[in-house]
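*Asks:* I'd like to ask some things about the structure below.
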Amino acid sequence: MHKLNYYLKLWLASVRYSVTRTLMFRADFLLWSTVELFWMGINILLVSVIYAHTDSIAGWSKYEMLLLLGTSMLVQRLLIGFFWANIHELGDNIRTGKFDFFLAQPGNLMFMASTRKLDLDSLANSVVAIALVAYSARELGLSPSLLDLATYAFLVGCGLVIHYSFMLTMVSLSFWITNAQGLEGSYFTLFSFSRIPREAFRGVTQLVFVWTLPVVIVSNAPAQTILYGFNPQLCLWLAGAAAFWFALTVIVFHCGLKRYSSASS
Amino acid sequence: MISKYAQVFLVGLQSNLVYRWNFLLRGVFSLFHLLGVFILWSAAFSGNATIGGFDVRQTMTYFISLIVLQFFVAAANEDHQVSDEIRNGLINQFLLKPISYFAYRFTLYLAARLVSGFLVLIPLAAAFPLLRDYIVMPTEPWRYVAAVPALLLSGLIQFSIAYCFGLLSFWFLEIQGFIMLSYAVETVLGGNLFPLDLMPAPIFKAAQYLPFYYQMYFPAAILTGRIGLESATSGLLIQSAWVCVLFLVSHFLWKRGLWLHTAVGG
């Protein structure tokens, strides 16, 4: 408990730092919020354009698809808001030797290196993603119970852990490969799969992207909870996947750490 | 005069070949992107023989052609390169030399696209057995004749827009936000996300008067049979007009930017 308090205090200090920094560059904050809002609008536009020509995609109606899209955006906004800047910089820090800075800090290295900065414009836009989910649910005439909402929040949290772990594992490869920037790019390509209904995947693609890699299920499971109610199997599946991927990233990160030799002369 | 830029082109080729693995990796990832597009659109087509008058094979041909164009024509990081050279003072050397910075940058862009364009053909060739059934190319010869100027002008528009955004560094310290905003607009109005003809008719009509339409959609639509001869002819005229406008804008930004620029150092 004492340790938890300690890390909470550390994290709150990071929050203060990020808020102060954002207030210093207000125009930047507004510009980036607009950019992100624009990108979210583009994804909604894609769904709208396709549904102007068809009634269903893999059995999902327009508003069901928008609910899925909103959920996918929510997980992505939260990931970018809480972790992206840190994880993205981590690769550079390992390459340039600036990672030394974290070695001297009083706390768990993985925590310190991945929670230092918050991206407030992404967090602000997560409200837009929630609004899209709420709007779609209303259009579908859904009234999810408190249990469904709590499960949705839990599954979004699991999705966040999975994405964080996947991303950190990719970047931790920088401990072995000098330039892992291309690998980070693969993450965003895979993320786009989370906006597609699970039923659209068939054969090999189902085996790889639904059953093996949890890229599709991270958004489909919470969306299905709102659409069809609490499903214990989905919860266990996603919680299990989150635990597995988090354990994997802890192992990879710490194995990589043993190889770190700084870059200073 | 020509040999000066020929040397720049050769240097550009060599320096881009250094990054051949990065380009190749990007090419492989674009196949994953194509897979996502394929899964989504196949699901949309199930139960519909055509969408917007085109079947699934014609639609997939459009998206495959976009990938090829992306690597052969689309500006990659030219905006950042121009921006970096302004912020780091590296453009100072060009102010003292008998060389046009626009032409110098455009030559490097041509070299980079040549390398990335040919490298993307490797993963595409590897995936060809899987893609073969989804490629239907129209047979009218005029399309291939019209595609040549359309592609060249598209390259000029792509480069000029990126160059203009790079020049904003004369006024702003950080231009990444502007670039991402423009990229978002280009993604939609350039037809990267979906064929523009699927949009409501008035919006599609309006898009034809914007430069973004001519960045990707226009050459891809000529090559994949989405527009007819009449639209292609009028499109080439509008495309040429946009090249002239963007050239004038870039020249204006360069001149005005240099008034503000301070070259420091010995």
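All of the numbers you see were taken from the coordinates with simple rules; none came from a lab. Note that this is a predicted model, so its numbers are computed, not measured. As a convention, Cβ positions derive from the backbone with ideal geometry for all residues, glycine included, and neighbour counts pool all protein chains shown.
*Asks:* Taking R0 as 41 Å, what's the FRET efficiency between residue B:263 and residue A:105 from their Cβ-Cβ distance, rounded to 0.05?
*Replies:* Efficiency, rounded to the nearest 0.05: 0.50.
*Asks:* Taking the Cα centre of the range A:2-259 as origin, work out the dipole magnitude from +1 charges on Lys and Arg Cβ and -1 charges on Asp and Glu Cβ, in debye rounded to 20.
*Replies:* 640
*Asks:* Right, next: Can you tell me the relative contact order of the range B:2-260? Whole percent, Cα pairs under 8 Å, sequence separation 6 or more.
*Replies:* 28
*Asks:* Can you find, among B:31, B:21, B:48, the residue sitting farthest towards the positive end of the charge dipole of the range B:1-133, where Lys and Arg contribute +1 and Asp and Glu -1 at Cβ?
*Replies:* B:21
*Asks:* Which whole number gives the average, over all residues in B:32-41, of C-beta atoms from other chains lying within 10 Å of the residue C-beta?
*Replies:* If you average over the peptide's residues, the count of other-chain Cβ atoms is 6.
*Asks:* Find out how many positive minus negative residues lie around residue A:77, taking Lys and Arg as positive, Asp and Glu as negative, among other residues whose Cβ is under 14 Å from that of residue A:77.
*Replies:* Charge balance near residue A:77 sits at -2.
*Asks:* Right, another one. Under the √(5λ) rule applied to the eigenvalues of the Cα gyration tensor, what semi-axes describe the equivalent ellipsoid of the protein assembly as shown? Give them in Å, descending.
*Replies:* Those come to 38, 33, 22 Å.
*Asks:* Using a simple charge model, +1 on the beta-carbon of Lys and Arg, -1 on the beta-carbon of Asp and Glu, nothing else, what dipole does the range B:83-161 show about its Cα centre, in debye to the nearest 20?
*Replies:* Dipole of the range B:83-161, to the nearest 20 debye: 160 debye.
*Asks:* Just to confirm a number: summing +1 for Lys and Arg and -1 for Asp and Glu over residues other than residue A:140 whose beta-carbon lies under 12 angstrom from that of residue A:140, what do you get?
*Replies:* 0
*Asks:* Mind checking the dipole of the range B:2-260: about its Cα centre, +1 per Lys or Arg Cβ, -1 per Asp or Glu Cβ, Debye to the nearest 20?
*Replies:* 460
*Asks:* Okay, next question. Please compute the modelled spin-label separation between residue B:206 and residue B:99, points set 7 Å along Cα→Cβ, answer in nm with one decimal.
*Replies:* Output for this residue pair reads 4.3 nm.
*Asks:* Cα-based Rg of the range A:197-265 per 2.2 N^0.38 Å, rounded to two decimals?
*Replies:* 1.56
*Asks:* Oh, and also: Starting from the Cα coordinates of the range A:1-131, work out the convex hull volume and express it per residue in Å³.
*Replies:* Considering the Cα atoms of the range A:1-131, their hull volume per residue is 150 Å³.
*Asks:* Determine, for B:186, A:89, A:36, B:174, the number of other Cβ atoms within 10 Å of each Cβ, and report the residues in order from fewest to most.
*Replies:* B:174, A:89, B:186, A:36
*Asks:* Let me ask another. If you average the alpha carbon positions of the range B:99-146 and of the range A:52-67, how far apart do those two centres end up, in angstrom?
*Replies:* Between the Cα centre of the range B:99-146 and that of the range A:52-67, the gap is 34 Å.
*Asks:* Same structure, new question: Using bins 5 angstrom wide from zero, how does P(r) for the range B:1-120 break down, in % of all Cα pairs?
*Replies:* 2, 10, 16, 16, 14, 11, 9, 7, 6, 4, 3, 1, 0
*Asks:* Report the FRET efficiency, 1/(1 + (r/R0)^6), for residue A:258 and residue B:22, where r is their Cβ-Cβ distance and R0 is 30 Å, rounded to 0.05.
*Replies:* That gives a FRET efficiency of 0.60.
*Asks:* Give me the percent of Cα-Cα pairs in the range B:2-260 that sit more than 29 Å apart, rounded to a whole number.
*Replies:* 34
*Asks:* Under a 10 Å cutoff between Cα atoms, tell me which one of A:35, A:161, A:216 has the largest fluctuation in the Gaussian network model of chain A.
*Replies:* The residue with the greatest mean-square fluctuation here is A:35.
*Asks:* Report, in whole Å, the centroid distance computed from the Cα atoms of the range A:187-223 and the range B:231-258.
*Replies:* First find each Cα centre; the distance between them is then 42 Å.
*Asks:* Quick one: B:222, B:227, A:130, fewest Cβ neighbours within 10 Å first, how do they rank?
*Replies:* Ascending Cβ contact count within 10 Å gives the list A:130, B:227, B:222.
*Asks:* Top mean-square fluctuation among B:182, B:250, B:100, Gaussian network model of chain B, C-alpha springs under 10 Å?
*Replies:* Most flexible of the set in this elastic network: B:100.
*Asks:* Label points 7 Å out from Cα along the Cβ direction at residue A:208 and residue A:131: separation in nm?
*Replies:* 3.8
*Asks:* Another one. Enumerate lysine pairs in the protein assembly as shown that are 8 or more residues apart or on different chains, then count those whose Cα atoms are under 17 Å apart.
*Replies:* Here the count comes out as 5.
*Asks:* With Kirkwood's inverse mean 1/r over C-alpha pairs for Rh, give me the Rg to Rh ratio of the range A:2-259, two decimals please.
*Replies:* Using only Cα positions, Rg/Rh for the range A:2-259 is 0.98.
*Asks:* Can you sort A:148, B:84 from fewest to most other Cβ atoms within 10 Å of each residue's own Cβ?
*Replies:* By the 10 Å Cβ count, ascending: B:84, A:148.
*Asks:* If you take the charge dipole of the range B:2-260 about its Cα centre, with +1 on Lys and Arg Cβ and -1 on Asp and Glu Cβ, which of B:160, B:67, B:7 is farthest toward its positive end?
*Replies:* B:7
*Asks:* So how far apart, in nm, are the two label points at residue A:2 and residue B:240 if each is 7 Å from Cα heading toward Cβ?
*Replies:* 8.1
*Asks:* Could you give the angle, 0 to 90 degrees to the nearest 10, between helix B:56-72's Cα long axis and the longest principal axis of the Cα atoms of chain B?
*Replies:* Once rounded, one gets 10 degrees.
*Asks:* At what distance in angstrom do the alpha carbon centres of the range A:97-126 and the range A:143-167 lie from each other?
*Replies:* Cα centroid to Cα centroid, the span is 22 Å.
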